[in-house]
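This report refers to the structure that appears directly beneath it.
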Amino acid sequence: MHKKKWFVIRFLTPAMLCLLVIFLYPMVRTVLMSFHKVGFVTDSMKEWKFVRLDNYVKLMTSPLFRQSLVNILKIWLIGGVVILGLAMLYSVIITSGIKGKNFWRSMLYLPHIISSVALATMWLQYVFDNQYGLLKRLFTFLYWDAMAQFQWTAPENLFLSMMIAYGYAGVGFYMLIMVAGIDGISEDYYEASRIEGAGMVKQFFYITLPMLKDIIKRTIILYSAAAAGFFVYSTLFSFNMENATVTPMVYMYEVVFGSSIGTTAEDLNVGAGAAAGVLIMALVLIVNAVLNRLIPTESE
Amino acid sequence: MKKMKLFTALLLSSAMILGGCGGANESADTGAQQNSSAQEEASTDTSAAETAEEETADDGEASAEEEAAPKELSGELTYWSMWNDTEPQGEAWQEIIDGFMAKYPAVKVNVQWCGRDNKKILKPALEGGEVIDIFEYPLEIDLNEYILDLSPYVDVAYDTTGGKTFRETLLPSLLTTPQDMTGRSDIIPAIGYKPWISVFMYNQSIFEEANVTAEPKTWEELDAACAKIKEAGYSPITFDDAYASWLPGMYLARAKGQDWVRELVKDTTGEMWQDEAVVSMAKAFEDFASKGYFDENVGGNKWPAGQIDFGNSKVAMYYNLSGLPTEVADITGPDFKWGGFSYPDVPGGLGTCGKEDPAGCTLLAVNKNTADPDLAMAFVTYALSVENDALMVEKAGITPATLDTAWPSTLVNLKPAFESVEVSLKSGGDIGSNADVAPTISENFIKLAAGQISADDFVANMVAATKQ
Amino acid sequence: MKNKESNFRRETRKQARFFPGYLLLLLWLAFTVAMIGWIVLASFSTTKEIFNNEILHSGFHFENYANVLSKHKMSVYFINSIIYSLSGCAGIILISAPAAYVLARVVFKGKNLVNNVFVVSMSIPSVMLILPLFKMATSLGLIGSRWTLIILYICTNVPFGVFFLIGFFASLPKALEEAAEIDGCTPDQAFWKIMFPLAQPGIMTLTIFNFITIWNEYFMALIFANKTELRTVSTGLQAIVQSMKYSGDWAGLFAGVIIVFLPTFLLYLFLSKRIIAGVTGGAVKG
C-alpha cells in the first residue's frame, strides 16, 4: 500500500508542479496585482501600492479599453456565427458524397497550419492593397467600380477586413471537427430518411444538427477561447493601436510591454494590465458557464 | 503498428538529440547567464537605494579609472540597435562595428538589430538583466534608471577626435537636444546623432512642373500650391495611418501652441474640442478634401503605402520626418529631388512657421550598468567620428552629426529648415500624448481627409469620444 | 456494358446535385491559388514592378530570396522553432503521460479533485499568467535563454495533455497490468514497458496537435524570445516584414513570406492525412 502511494506521488508530481508553478501561483499573483499600482512588471510585491479598484475604474473609463471590449464582443458573436456557420456549411458539403473529399478537406484546412504572420501579411499586403491588390484588380476586371474603389484598410472597414482574413484561416479548423462529427453519425439515419423522402435540407435540420450537439458546443468553446486571446491579427493589421482592431489582450500587451499607453511615467501601471487580464478570464469563465447551461453535454 | 514504432523511435531519438542540443546550448550560455544575473543583482541593489551622492561617486570613480587606464582597448560590448540590419542605417552601423573591431582586435562588439521594436523590447530586456552596454533611447518609454551620465566623457579627447574634445567635434544641439527630449537637464543622458526635423517633404520636380516657385509659408499659399499641383495632374498631399494625426496636430500647434494641444487631448469634458481652433482646423481640411487635394487612397493607406506613392512621384507632398528619403530610397532612386518646408502658418495663428517645428535626434545612450564605460564611449566616439559620420551620411543618407561633415544631396535642401528651428516641438505638436484618445483622432481625421465625414461630424465625433 | 453506363449516368446525376457545393469549394480553391500564386510571382519581381502592375516584367529576380536569406537569419528562426516544438512536445508527453496513467487507472484519495484542477486550468487564458511568469523568468535569469520558452510551452500544455491521455489509458484492458505484475514487473516498469507503448496512437495524436500549436504560437514568443538568436519562425518573419517595410522592399517581403510558407506547405502535402487526424483528434477530445 505504501508502495502504491509512493508510485502515485512520483507519477503525479511533475504535472502537479507545472500546475502550481505555471498556473496557480501566477493566477493568484495576477489577481493581486490587479488591485495594486505597479510600476514595472519586475517590481517585487513590496513595491506595489494597494489602490483598491482603481485599475478597473481606469480601464472602464478609457475609451480605448471600452472599444476593445466592444470589438471582442463583435469578434465573438458576429465572427463566431459567421465563421462557425461557414464551417458547418463546408463540412456538410464535404460529407455530402462529393468526389475528392480528402482533397477538399485538406485544402480548406491548409490556411490554419500556415503561420498567422505569413497569412496576415498576404492578406494585408496583397489581397486588400488599394493599388495592386487582388480584390481591387478583380472588381476592376468585373467593371464593378464601387467595389474596386472600396478601401479595405480604411478605419471603418479594417475590422471587416481583419475578420475576413481571420475567418479564412479559422474556418478550416472548425470544419475538421464538424466533419469528424458528421462522419460519426450512422449512415442508417440518412438511409431511413431518404426512404421517407427527406431532402438534403431536411436531413440537415432533423438529423445532422441534433446529432452534432456536442460537437457544436465543443467548437463554440474552442472559438470562444480563441476569441478571448485574439491578438496576432490585431497587431498585424494595425501599426499603432487602432479603434478598429484593438482587443483587451492587445491593450494589456501595450500597457505592460508596449509604448503606446502611459507615455508619461505617472500613468504607466502594470496593475491595469493585470486587471485587463482578470477581465478577460472572467469573460471566458462566464461564456463557458453559460454554454454549459444552454447546451448540457449528454455524453461523458 | 510498424509505422507507430518508427514514429516513437523518431520521437525518442529527436528527444535525445534535443537533449544533446540543449546541453551544449546550456554550457555555452551559462557564462552569459551568470554574468547577466550578477548584473541584475547589481542593478536592483543600486536602483533600490540610489542616491545622487552614490551616482556622482560612481562617476568620479569611472573618470579616475579612465585616466589610469591604458590606451589598449579590450573587452566585449553589446549594442542594441534601433535599426534593422537590412536598412541602409543598419548596414552603415555594421560597417562601423566591423571597423571598430578591426582597429581594436581585442574588442568584440555584439549587435542586436531590434528595429523600431526596440521600444517594446528594450525595457523588458533591461529589466531582465540582459547585458546591453549601448542602446538607442526610444523616447516613448522611460529608461531613466538605466542611463549613464555622459558629462565626464564629452570633454575628453579620443583616438578618433583628432586632438579636439568630443564636444568640439559635434553639432552643439546634439548634446542639448537629448536633455530636452528626456527631460534630464541635470546630466548628459545621451549623445545625439542623425538630427531630424518634421516638415512637409516634397518632390521638387513636381513643384517645378506645376510652376510652384516658392515654398508655402501660410495656409493660403499651401492652398494655392495644391491647386496648381492638382492642375498639373498630381495628387498634392498624402499621408499614412501611422502619421495621420500629425497634420491636424500641427495645425492646432500653429494656431494655439503645443501646450494647448496637450491640454486638448487630455480634456475629458469634450468642451475643448468645440473650440474655434478645432473647428477652423476641421473646416480647413474639409475644404482641402473637397477640392481633391488628398490622394484618392488616403482613406485606406496603411503605412507605408502613402510614402511609397510619394516615392513613386504620384503625390507631391508628404508631411514626415527628414528620415523619409532613406526609407523610400529604393523606390525613388538616386535622382529624386527632395525639398522640405516648415508647416505653414494658419489664419489667426501664432506665426511660428519656420521657428517651431518637431525636431530631435536619435539618442545613443550608455547603460549605467555597463562593465566598462570607457570602452563604450570609445565605441560611441568612433561611430560619430568625422569619417564614420560621413560614411553614415553617404550610405544611409542621414543628416550629419559632426560639424565637419558635408550634407547629403537628398537633404541639403532641408538644411535651412534645420537651422531656423528655435523651439523643438514633439511630433505632431504632441497630439498623440494621450494614447487613449490618439486612435480616435487619427481615425476621424482619416475619414475627414477622405471626404467621408464633414468638419462638423469630426468635431461632434471628438466631443462624443472624449466626454466622460 | 449497359449496366456500367447507367451507373455512370446515375453517378453524374448524383454529382450534379452537388453543383452548388462544388461551386463554393472551387471558389475557395481559386482564391487560395490566386493569392499564393501571385505572391510567389511577386516574390520574383522587383518592388517597382509590383506597384506598377507588371509582375515579372524584367524576368525572374532570384536575388530577392538571396537577400532575405543572407541578411536575415531565417535558418536560425527555423532551427529555433524546431527546437521549441520538438522539445516542447517531448516534454509534454514525458510529464503528462505518467500523470494521466495514474489518474486513469489507480484509485486514490483526492483523485477527483486533481482531475478537476487539470480541467479548470485548461480554460485559463495566457494573459492571466504572463506577467508573473515574466517576473519569474527574470528572477531566475532565464530571459535571453531558449529554456524559458521551452519550459513555458511544456507547462502550459501539460493540463491538456493529461486530460487528453486519461481517455487513452482508461481504454486499455486491465488484464495487462495484472499480467505484468505476475511477470514481476514493478508498477513503473509496467507503465514504461507495456502501457506507454500501447498508448502510442493517443500520444501521436497529442504530439501532432501540440506541435502545430507550439509552431504557430505568437504571444509568448513575442515576449520571451525578443532577439534574433531566440526568435521563432513567426516572430522572425514579423521582424523581416517590418524591416522590409522600412526599407520599402516589397519583393523581399513577399520572398520572406514564401520562405516561411513553403516548408510548412510541403510538409502538409505529404502528411496532410496524419496532421488532419491529429488535429481533429486533439480538438474533438479536449
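At least 1 residues that are under 26 Å from C:Gly256 (Cβ atoms) and touching a Gly at 6+ places or on another chain (Cβ under 9 Å) in each: list the helices (runs of 4 or more DSSP H) lying fully within segment A:85-172 that qualify.
In segment A:85-172, the matching helices (runs of 4 or more DSSP H) lie at A:101-113, A:116-122.
If you check B:Ala371 against the conditions, is it among the small types (Gly, Ala, Ser), assigned by TED's automatic domain parsing to the domain that holds B:Leu143, over 24 Å from A:Leu236 (Cβ atoms) and buried (at least 22 other Cβ atoms within 10 Å of the Cβ)?
Here the answer is no, as B:Ala371 does not meet what is asked.
Does A:Leu17 satisfy being within 29 Å of the chain's Cα centre (by Cα), facing chain C (nearest Cβ under 9 Å) and either loosely packed, with under 13 Cβ neighbours inside 10 Å or not in a loop (DSSP other than H, G, I, E, B) (or both)?
Considered against the rule, which asks whether it is within 29 Å of the chain's Cα centre (by Cα), facing chain C (nearest Cβ under 9 Å) and either loosely packed, with under 13 Cβ neighbours inside 10 Å or not in a loop (DSSP other than H, G, I, E, B) (or both), A:Leu17 comes out as yes.
Could you tell me whether any residue of segment B:120-138 is in a loop (DSSP other than H, G, I, E, B) and farther than 19 Å from B:Leu77 by Cα?
Within segment B:120-138 (the criterion being in a loop (DSSP other than H, G, I, E, B) and farther than 19 Å from B:Leu77 by Cα), the answer is yes, since at least one residue qualifies.
Looking at segment B:251-276, I want the residues that are over 14 Å from B:Val459 (Cα atoms) and part of a helix (DSSP H, G or I) and have a partner that is basic (Lys, Arg) and modelled with pLDDT of 95 or more with Cβ atoms under 8 Å, at least 6 apart or on another chain. Which pairs are those?
Final answer for the pair search is none.
Here's the yes/no breakdown for (1) within 17 Å of the chain's Cα centre (by Cα); (2) within 14 Å of another protein chain (Cβ to nearest Cβ); (3) farther than 28 Å from B:Leu73 by Cα:
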{"site": "B:Tyr146", "(1), (2), (3)": "no, yes, no"}
{"site": "B:Leu150", "(1), (2), (3)": "no, no, no"}
{"site": "B:Ala157", "(1), (2), (3)": "no, no, no"}
{"site": "B:Thr165", "(1), (2), (3)": "no, no, no"}
{"site": "B:Thr169", "(1), (2), (3)": "no, no, no"}
{"site": "B:Ser173", "(1), (2), (3)": "yes, no, yes"}
{"site": "B:Thr176", "(1), (2), (3)": "yes, no, yes"}
{"site": "B:Ile187", "(1), (2), (3)": "no, no, no"}
{"site": "B:Ala190", "(1), (2), (3)": "yes, no, no"}
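So in segment C:138-149, with the set limited to residues that are modelled with pLDDT of 85 or more and at the interface with another protein chain (Cβ under 7 Å from one of its Cβ atoms), which one is surrounded by the fewest Cβ atoms within 10 Å (Cβ to Cβ)?
The qualifying residue surrounded by the fewest Cβ atoms within 10 Å (Cβ to Cβ) is C:Arg146.
I'd like to verify a number: residues in segment B:348-360 that are surrounded by fewer than 20 Cβ atoms within 10 Å (Cβ to Cβ) and more than 21 Å from B:Ser280 (Cα to Cα), how many?
2
Suppose we filter segment A:52-70 for residues that are crowded, with 19+ Cβ neighbours inside 10 Å, within 23 Å of A:Ile220 (Cα to Cα) and more than 12 Å from chain B (Cβ to nearest Cβ); how many remain?
1
Looking at this structure, is C:Gly161 surrounded by 18 or more Cβ atoms within 10 Å (Cβ to Cβ), touching a residue at least 40 places away in the same chain (Cβ under 8 Å) and at positive phi?
no
Take the residues of segment B:160-212 that are part of a helix (DSSP H, G or I) and free of Cβ contacts under 8 Å to residues at least 60 places away in the same chain: which is surrounded by the most Cβ atoms within 10 Å (Cβ to Cβ)?
Among residues in segment B:160-212 that are part of a helix (DSSP H, G or I) and free of Cβ contacts under 8 Å to residues at least 60 places away in the same chain, the one surrounded by the most Cβ atoms within 10 Å (Cβ to Cβ) is B:Leu175.
Quick one: is A:Ile220 surrounded by fewer than 21 Cβ atoms within 10 Å (Cβ to Cβ), at pLDDT 90 or above and part of a helix (DSSP H, G or I)?
Considered against the rule, which asks whether it is surrounded by fewer than 21 Cβ atoms within 10 Å (Cβ to Cβ), at pLDDT 90 or above and part of a helix (DSSP H, G or I), A:Ile220 comes out as yes.
Which of the residues that make up segment B:262-301 are among the β-branched types (Val, Ile, Thr), within 14 Å of chain A (Cβ to nearest Cβ) and buried (at least 19 other Cβ atoms within 10 Å of the Cβ)?
Of everything in segment B:262-301, those that are among the β-branched types (Val, Ile, Thr), within 14 Å of chain A (Cβ to nearest Cβ) and buried (at least 19 other Cβ atoms within 10 Å of the Cβ) turn out to be B:Val265, B:Val298.
Could you tell me whether any residue of segment C:41-49 is part of a helix (DSSP H, G or I), closer than 17 Å to C:Val257 by Cβ and under 30 Å from the mean Cα position of the chain (by Cα)?
yes
In segment B:124-141, how many residues are within 14 Å of B:Lys368 (Cα to Cα), more than 9 Å from chain C (Cβ to nearest Cβ) and at pLDDT below 90?
Number satisfying all stated conditions: 1.
Would you mind stating whether C:Gly252 is within 10 Å of chain B (Cβ to nearest Cβ), modelled with pLDDT of 90 or more and buried (at least 22 other Cβ atoms within 10 Å of the Cβ)?
Spelling it out, C:Gly252 is indeed within 10 Å of chain B (Cβ to nearest Cβ), modelled with pLDDT of 90 or more and buried (at least 22 other Cβ atoms within 10 Å of the Cβ).
Check A:Lys46, A:Lys74 and return the single one that is assigned to a helix (DSSP H, G or I), away from chain C (no Cβ under 11 Å) and more than 26 Å from the chain's Cα centre (by Cα).
Every option except A:Lys46 fails the conditions.
From the list A:Ile98, A:Ile83, A:Ile93, A:Ile114, which residue is surrounded by 19 or more Cβ atoms within 10 Å (Cβ to Cβ), free of Cβ contacts under 8 Å to residues at least 12 places away in the same chain and not charged (D, E, K, R)?
A:Ile93
Applying the selection to segment C:70-85, what residues are without any contact (Cβ under 8 Å) to a residue 40 or more places away in the chain and either within 30 Å of C:Cys155 (Cβ to Cβ) or not charged (D, E, K, R) (or both)?
C:Ser70, C:Ser75, C:Ile79, C:Ile82, listed by residue number.
Give me the pairs, please: first residue somewhere in segment C:44-69 and within 9 Å of another protein chain (Cβ to nearest Cβ), second residue anywhere and among the acidic types (Asp, Glu), beta-carbon distance under 8 Å, and either six or more positions apart or on two chains.
C:Thr47/B:Asp330; C:Thr47/C:Asp249; C:Ile55/C:Glu49; C:Asn67/C:Asp249
So B:Asp430 passes all but one of these: (1) more than 20 Å from B:Ile197 (Cα to Cα); (2) within 14 Å of chain A (Cβ to nearest Cβ); (3) touching a residue at least 24 places away in the same chain (Cβ under 8 Å). Which condition number does it fail?
Looking at each condition in turn, B:Asp430 falls short on (1).
Do you know which residues across segment C:74-125 are aliphatic (A, V, I, L, M) and more than 25 Å from the chain's Cα centre (by Cα)?
C:Val102, C:Leu103, C:Ala104, C:Val106, C:Val107, C:Leu113, C:Val114, C:Val117
Scan segment A:145-204 residue by residue and report those that are under 17 Å from A:Trp123 (Cα atoms), among the hydrophobic types (A, V, I, L, M, F, W, C), out of contact with any Ser or Thr (no Cβ under 7 Å at 6 or more places or on another chain) and in contact (Cβ under 8 Å) with a residue 40 or more places away in the chain.
Across segment A:145-204, the qualifying residues are A:Met163, A:Ile164, A:Ala165, A:Val171.
Looking at the structure I just gave you, is B:Asp345 buried (at least 20 other Cβ atoms within 10 Å of the Cβ) and over 25 Å from B:Trp407 (Cα atoms)?
yes
What residue, among those in segment B:417-426 that are surrounded by fewer than 21 Cβ atoms within 10 Å (Cβ to Cβ) and part of a helix (DSSP H, G or I), is nearest to the other protein chains (Cβ to nearest Cβ)?
Among those that are surrounded by fewer than 21 Cβ atoms within 10 Å (Cβ to Cβ) and part of a helix (DSSP H, G or I), it is B:Phe418.
Would you mind telling me which numbered condition in (1) hydrophobic (A, V, I, L, M, F, W, C); (2) out of contact with any Ser or Thr (no Cβ under 7 Å at 6 or more places or on another chain); (3) under 24 Å from A:Thr235 (Cα atoms) C:Val279 fails?
(3)
The values are calculated or read from the model by the stated rules, or taken from the named source; none is laboratory data. The shown structure was predicted, so the numbers you read here are calculated from the model rather than taken from an experiment. Positions of Cβ are backbone-derived with ideal geometry, glycine not excepted, and every protein chain shown enters the neighbour counts.
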